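Have a look at the structure below before the remarks.
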Amino acid sequence: MATTSPIPHRGPSSSPTDLEALAPLLLRTIGTPPAPTVAAGTRTKVLLVEDNSADARLIEIALPRTEFEVVHVTSLAAATRRLELGRVDVVLLDLSLPDGEGAETIAWTLAAAPGTPVVVLTGLANDDVAVQAVRVGVQDYLVKDQVDSELLPRTIRYAIERERLTAELDALRRHQLETKNQLLSHVSHELRTPLNAVYQFVMLLIDEIGGPLTTDQREYLEITRRNVTQLRAMIGDLLDATRLEAGTLAVEPVATDLGMIAAETMQALAAEAQVQGVRLVTDLEPRLTHVRADALRLRQVLTNLLHNAIKFTPSGGEVVVAAARDPEAPDFIRTRVTDTGPGIAAEALPQIFKRFQQGAAGGASRKGLGLGLYICRELVQRQGGRIWVESVLGQGTTFTFTLPAWTAPPEETPIV
Amino acid sequence: MEATKRARIMIVEDDDDARYALRVRLRASGYDPVTAPNALYAMRLAQRESVDLVVLDLGLPDVDGIGLLRELHGEPSLANVPVVVVTARDAATAAVAAHEAGAFAFLQKPVETQVLKETISRALFFRRVGALRGGVLPPAERPAPLGAGQ
């Protein structure tokens, strides 16, 4: 522990109110080594950022030397330099400094000393500033007039302890999140294997490889197949949502033919739409530019949106997929999926992209985990776009998402 | 199907039931399937019997499937045998790794029967006409890595 203190030299004290309390400070300024009973390094290192020397002195007096080692600087710049040299246990921060004022001072200090508790000192009892300070992450605040040798050490001890607990909680929370994600990921994988086997054997039966089927047998197996497929999709969603949360889902945007993906997706869902009695319509801008997207993930987004749209549209209705250059942001391509379903109540709209939210639209069938739209939003955002929903009860729903238009570097050609 | 001799397809898959289902499926499609539950067994089988194509599941217990893919291609009797990789893994990264290691095609589980059949007959066609180099198509004729999955 360095014993050289960057406390600037100051003249004789102007009005020592309590000489006894002032003694340690005086001793320190003339370079006496730390008290032998306290090993260097076990004391709490306080970085005092205060340009008013009288205030600074009062604070140093209030901190017993046996417990605290005060490093005093008079500007934010000096505080930053000191913080770069190494860790301090707590920062005592005056809010009006020559190179910083109020909230700006706080933000600067919090950024310069991550993980170090900051206690703010204010000249007057201004609750607004204080409340604001605590809200942005300051551990406590003190009004200078009220600082004494009992309150200040206690405040510092508590601030340090709170910061430590916060860090501990944070680490614990991160660890739990990680464990949960690992568990979900593992479970999803393990669930898939037997489910795949069920699917494969059901398909062997449906394809009559195990022998001819009666009409009833075929119907029962088709129902089994439909449910297995649905379960498989839910496990897939769970796995994807977990990976999105953990940041381990691979999204690799390249030049992608949006029109082609849209056509493929609609073809894949054509049977579903037909069963539901819903017409699928495309309205793509002619000579639509490629987008910068991950083909697999784009297909996933479109499939989710179309699947929802078809599911909620009554027989005789239609679902339109439209794509065109974004009129508000010409570097983007805007894709819309519009249905003629029952619409979504205004109060449910803000919740719709959240996890485990079941569509609040009218209608009875509520199957699934409620992860589809959450996954859509995350995937669109990860590909540089945004997604939103517009709906009026009784007049259908439109989901719109944007993706960056592909601007090909001269040597590159679109690959998908 | 093959007019003369049925093509022998080696299935490398650790899950017993998945392996069984695939064997039944391929036999019903007119192929002659042989199976291996792990990499070691697969290598021995490949040395003993002539194989026309390998369907390889990437999640094997004893070695990394990509490692096995490289080993299979290193085996002289298998040098020009196409390998169709099947996996439930995260598609993008696995597909790239499989292609770099010389897989003929990459399919994501669950594989639709039609897609698997088409991929196999295509691979066997290329093998018959001698278009494969080290088990894979020359780069110009390769399909895009992600194309076949869906």
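We did not get these values from a lab; they are worked out from the coordinates using the rules stated. Just so you know, these numbers come straight off a predicted model, no measurement behind them. Don't worry about glycine lacking a Cβ; one is built from the backbone with ideal geometry, like all the others, and counts go over all protein chains shown.
Things worth noting here:
- Residues whose amide H comes within less than 5 Å of that of B:Val55, counting only those at least five positions distant or on another chain, are B:Met10, B:Ile11, B:Val12, B:Val84 (H built at 1.01 Å from N in the peptide plane).
- Karplus (6.51, -1.76, 1.60) ³J(HN,Hα), θ = phi - 60°, over the stretch B:110-120, in Hz, Gly and Pro reported as x: x, 7, 6, 3, 4, 5, 4, 4, 4, 5, 5
- Using R0 = 51 Å, the C-beta based FRET efficiency linking A:Lys354 and B:Tyr41 works out to 0.60.
- In a DSSP loop and with at most 14 other Cβ atoms within 10 Å, the trypsin sites (Lys or Arg not before Pro) in the stretch A:246-348 are A:Arg287.
- Each other residue within a Cβ distance under 14 Å of A:Ala111 adds +1 if Lys or Arg and -1 if Asp or Glu, for a net charge of -2.
- The stretch A:128-200: GluC sites (Glu not before Pro) falling in loop per DSSP and having at most 11 other Cβ within 10 Å: A:Glu150
- Above-threshold pairs, the threshold being 30 Å between Cα atoms, out of A:Lys311/A:Lys354; A:Lys180/B:Lys117; A:Lys45/A:Lys180: A:Lys180/B:Lys117; A:Lys45/A:Lys180
- Computed from backbone phi, the HN-Hα couplings of the stretch A:193-206 come to 4, x, 5, 4, 5, 4, 4, 4, 6, 4, 5, 4, 5, 4 Hz, rounded to whole numbers (Karplus: 6.51 cos²θ - 1.76 cosθ + 1.60, θ = phi - 60°; Gly and Pro given as x).
- Amide hydrogen neighbours beyond the local backbone of A:His72, cut-off 5 Å, H modeled: A:Ile7, A:Leu48
- In order along the stretch A:389-406, phi translates into HN-Hα couplings of 10, 10, 7, 10, 3, x, 10, x, 9, 10, 9, 10, 9, 10, 9, x, 5, 7 Hz, rounded to whole numbers, per the Karplus curve 6.51 cos²θ - 1.76 cosθ + 1.60 with θ = phi - 60° and x for Gly and Pro.
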